[in-house]
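The values are calculated or read from the model by the stated rules, or taken from the named source; none is laboratory data. If you're wondering where the values come from, they're calculated on a predicted model, not measured in any experiment. In this analysis, Cβ positions are derived from the backbone assuming ideal geometry, glycine residues included, and neighbour counts consider all displayed protein chains.
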Amino acid sequence: MSQLIEIRWHARAGQGAVTAAKLVADTALMQGAYIQAMPEYGPERTGAPLKAYTRVCDEPIEVHNTITNPDIVVVLDDTLLETVDVTEGLKDDGTLILNTELSVEEVRDLLGVPATTKVAVVDASGIAMDTIKRDIPNTPIVGALSQVTGVVPLDLVKERLINTFGKKFAQEVIDANLESVDRAYKEVSVA
Amino acid sequence: MKMPALDTFDEWTPEEIPTGFVANAGTADQYVTGGWRSMRPVWFKDNCVSCMMCFLACPDSSIEVEDGKMVGIDYDHCKGCGVCVHECRFKALDFIREEEVVHEEEEEIASVIEKAKEA
Amino acid sequence: MSDHKAFSATGNQMIAEAIRQIDPDVMAAYPITPQTTIVENYAKYVANGKVHTEFVTVESEHSALSACIGASAAGARVATATASQGLALMWEELHIAAGMRTPIVMANANRALSAPISIHGDHSDVMGARDTGWIILFAETAQEAYDNTVISFRIAEDKRVLLPVMTTLDGFITSHAMERCEMEEDQTVKDFVGEYTPLYPLLDTDNPVGHGMFANGTSYMKYRSVLRKVNHGALPIIEEYGKAWAEITGRPYELIDAWGVEDADYVVVVLGSAAGNVRHVARQMREEGVKIGVVRPRVYRPFPAEQLVNACKNAKAIAVMDRSDTVGGQYGPLAVDTMAALYEAGLSIPVKNYVFGLGGADVTNELILEVFSNFEKLEKGELDRDLAFLGV
């Protein structure tokens, strides 16, 4: 059976979840994987809760539906925890990654995730404010995802960022993004 | 372009029908529509100054022109709309019922026969 | 596994790329979600001078196809794209485009029709075009959307066909999802498609012709019989170009993608992206010893009846999954076509028709399992044969 990894992203519109979903897919593709990345389309207003999806597989991906039983859930905004059931359908041995100032223990208590589920937290917004100078947690959180899950290696994520941003942005913007990825990779705490 | 003749239109076999039901251009000339007329424009040459307003207004290109002068009406294609009559400012065009023409023609034929008999 | 040619793109991007490579003379389009990015991308190519296409901006979808028909009659190679209400607004022009035999290639991101308002994917729009005379292709993936678009030009412009071709992909599901794709070199595509020589171009003033003529009853009927014959006759030509393109790309082409039918007890017939979902679940069921085949026509008009029958003939029961409904009719469009083909072949295999995924409703594994779990009852004649709405 093929090795299919399914990632579900929770965010608010404007936080760059779709870009992150595509960044992970594109990076996996650099390793020769088959990929899928898509947003869930609905009413789109900045701040509205949204979902995005990434699939990575070593064989062609046949399914074309939303991800209901993800291996990995990434939450870009912890205020969503009050209104959205982010762990819905998450596999018991899956991984939950949050952009939050809460500790792993606090998140575990809050969401009541099973002990078999890996929980990781990183202050991606704080890192983004330090480095990119804007609250765009989508790039740093991919660094955390790389550290915690190994779905995509850090060096390829950075290479991909340089390829994507190189065409559009100034060198300092690219450097800031690369630094944010590095910091989230190092600062993420897992338990 | 080689196309089947338009007057055999109804006899075309499916194989003969040109792709897209395309036809040679200008075939309206072959299609006599004068029979649709119930009113007929009549031209009075003596009043006509060849201002060409009738020519411009005619939707069926039925005003006949030679050397820039109005010379008559193409009754094979004139559908009798009367726009030319409406546009004429020189009383050079009148509009009459087709029956009157038929009646006049019958009278004319009768008089010809009469004259022939007398001779 | 690694392939240097592979890159990521959405279905819409892939169609825009295919059209860019072919570089048609005219594109007239009115952007409507979810095909918008095809036209948006293409407008960029025009603005950046990457193509020589005359891009005509119009005030509606009706005008978009009208302009395409005019340009095609004039002798231009023409492409456009639409979706949903836009395709619905084109309805009268769809018939004219096919009747005038204008070889236009139009992409459609298949989508629901209002009401209620929905922007999401289903086949309600394209099924409204099924009887218009257009050739209609369905793609499962972004990759197939690209391949179908390339061969569409060959099919449309072949002198034995000369019909407009609709190259469709599922709205959002395929149009906006990013997938791993491959693309051939620009020159390879240009060489494959070749130069377009129109048959009776209006702009050939040395040979003046009239297009869009009047035909009375008998002639009209004779002509429509030609249209039917030409549309049906396109099937082997579609296959010919599909296979020729497959030879170049290495990506196989069949009129019907028949998966696992050789030894299948049951068969599911389905169009577009959902076929992948059904195959995915059927693959898992095989591990449990349940043999289900999946039959996906890549060409819907002309309908490949013979190929479909061949793929289904050994099944004990068949499920036809329609992503649109013929409200007031007995069964969905794909089911009606399938049943007619089976009946004509003298096969009385029980068929159950499901309508699914309307308005982008998610095609979950559970729903597919529901279809699978009904097969045994269907085979034994214990299942009612009414059309069923899946997941409602």
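Brief remarks on what is shown
- In the range A:105-131, the residues that are part of a helix (DSSP H, G or I) reach residues that are loosely packed, with under 13 Cβ neighbours inside 10 Å with C-beta atoms within less than 8 angstrom, at least six apart or across chains, in these pairs: A:E105/A:A191; A:R108/A:A191; A:G126/A:E101; A:A128/A:R134.
- If you filter the range C:117-131 down to residues that are among the β-branched types (V, I, T) and surrounded by fewer than 22 Cβ atoms within 10 Å (Cβ to Cβ), you find that the one that is farthest from C:T102 (Cα to Cα) is C:I117.
- Matching entry among C:R77, C:R20 (being surrounded by 18 or more Cβ atoms within 10 Å (Cβ to Cβ), within 24 Å of C:L227 (Cβ to Cβ) and among the basic types (K, R)): C:R77
- Some residue of the range B:82-103 being within 14 Å of another protein chain (Cβ to nearest Cβ) and loosely packed, with under 12 Cβ neighbours inside 10 Å: no
- Evaluation of B:G72 against the conditions (1) under 10 Å from the mean Cα position of the chain (by Cα); (2) surrounded by fewer than 16 Cβ atoms within 10 Å (Cβ to Cβ); (3) under 25 Å from C:G217 (Cβ atoms); (4) not aromatic (F, W, Y) shows that the sole unmet condition is (3).
- Residue pairs meeting the criteria (Cβ under 7 Å; at least 6 apart or on separate chains; first in contact (Cβ under 8 Å) with a residue 12 or more places away in the chain, in the range A:157-185; second charged (D, E, K, R)): A:R160/A:D26; A:L178/A:K158; A:V181/A:K158
- For the residues C:G217, C:G210, the requirement of being within 14 Å of chain B (Cβ to nearest Cβ), among the small types (G, A, S), touching a strand residue (DSSP E or B) at 6+ places or on another chain (Cβ under 9 Å) and without any contact (Cβ under 8 Å) to a residue 40 or more places away in the chain singles out C:G210.
- Output for the range C:132-175, where each listed residue is more than 18 Å from C:L255 (Cβ to Cβ), within 14 Å of chain A (Cβ to nearest Cβ) and of a type outside the set (D, E): C:A142, C:G171, C:F172, C:I173, C:T174, C:S175
Here's the yes/no breakdown for (1) closer than 21 Å to B:T27 by Cα; (2) free of Cβ contacts under 8 Å to residues at least 12 places away in the same chain:
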| site | (1), (2) |
| --- | --- |
| B:I63 | yes, no |
| B:K69 | no, no |
| B:Y75 | yes, no |
| B:K79 | yes, no |
| B:G82 | no, no |
| B:R89 | no, no |
| B:D94 | no, no |
| B:V102 | no, yes |
| B:E107 | no, yes |
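- Reported count of residues in the range C:220-236, each being within 30 Å of C:Q143 (Cβ to Cβ) and either within 9 Å of another protein chain (Cβ to nearest Cβ) or surrounded by 18 or more Cβ atoms within 10 Å (Cβ to Cβ) (or both), is 4.
- Residue identified as within 14 Å of chain C (Cβ to nearest Cβ), farther than 16 Å from A:N177 by Cα and at pLDDT 95 or above among A:I67, A:I97: A:I67
- Strands (runs of 3 or more DSSP E) wholly inside the range C:1-118 containing at least 2 residues that are farther than 24 Å from B:G20 by Cα: C:7-10, C:54-57, C:105-110
- C:I32 being surrounded by fewer than 24 Cβ atoms within 10 Å (Cβ to Cβ) and either hydrophobic (A, V, I, L, M, F, W, C) or touching a Leu at 6+ places or on another chain (Cβ under 7 Å) (or both): yes
- Just one of the listed residues (C:A115, C:A97, C:A81, C:A74) is of a type in the set (A, V, I, L, M) and free of Cβ contacts under 8 Å to residues at least 12 places away in the same chain, namely C:A115.
- Residues that are over 27 Å from the mean Cα position of the chain (by Cα) and either outside any loop (DSSP other than H, G, I, E, B) or at the interface with chain B (Cβ under 9 Å from one of its Cβ atoms) (or both) within the range C:176-201 comprise just one, C:Y200.
- Residue that is nearest to A:K158 (Cα to Cα) [pool: residues in the range A:1-58 that are of a type in the set (D, E) and not in a loop (DSSP other than H, G, I, E, B)]: A:D26
- Candidate set from the range A:70-84 (those that are under 30 Å from C:G357 (Cα atoms) and touching a helix residue (DSSP H, G or I) at 6+ places or on another chain (Cβ under 9 Å)); member that is farthest from the other protein chains (Cβ to nearest Cβ): A:L81
- Members of the range A:27-46 found to be facing chain C (nearest Cβ under 7 Å), buried (at least 24 other Cβ atoms within 10 Å of the Cβ) and over 16 Å from A:N65 (Cα atoms), listed by number: A:L29
- Meets criteria (among the hydroxyl-bearing types (S, T, Y) and either within 21 Å of A:M30 (Cα to Cα) or in contact with a Ser or Thr (Cβ under 8 Å, 6 or more places away or on another chain) (or both)) for A:T131: yes
- Residue selected from the range B:1-28 under the condition under 21 Å from the mean Cα position of the chain (by Cα) and exposed (fewer than 12 other Cβ atoms within 10 Å of the Cβ), by the criterion farthest from C:S72 (Cα to Cα): B:D7
- Filtered by the rule that a residue be closer than 25 Å to C:E382 by Cβ and either part of a helix (DSSP H, G or I) or touching a Pro at 6+ places or on another chain (Cβ under 7 Å) (or both), the range C:342-370 gives C:L342, C:Y343, C:N365, C:E366, C:L367, C:I368, C:L369, C:E370.
- Exclusive hit being of a type in the set (A, V, I, L, M), outside any helix (DSSP H, G or I) and surrounded by fewer than 24 Cβ atoms within 10 Å (Cβ to Cβ), set C:V290, C:V269: C:V290
- Every residue from the range C:313-340 that is out of contact with any helix residue (DSSP H, G or I) (no Cβ under 7 Å at 6 or more places or on another chain), touching a residue at least 24 places away in the same chain (Cβ under 8 Å) and among the hydrophobic types (A, V, I, L, M, F, W, C): C:A315, C:L334, C:A335, C:A340
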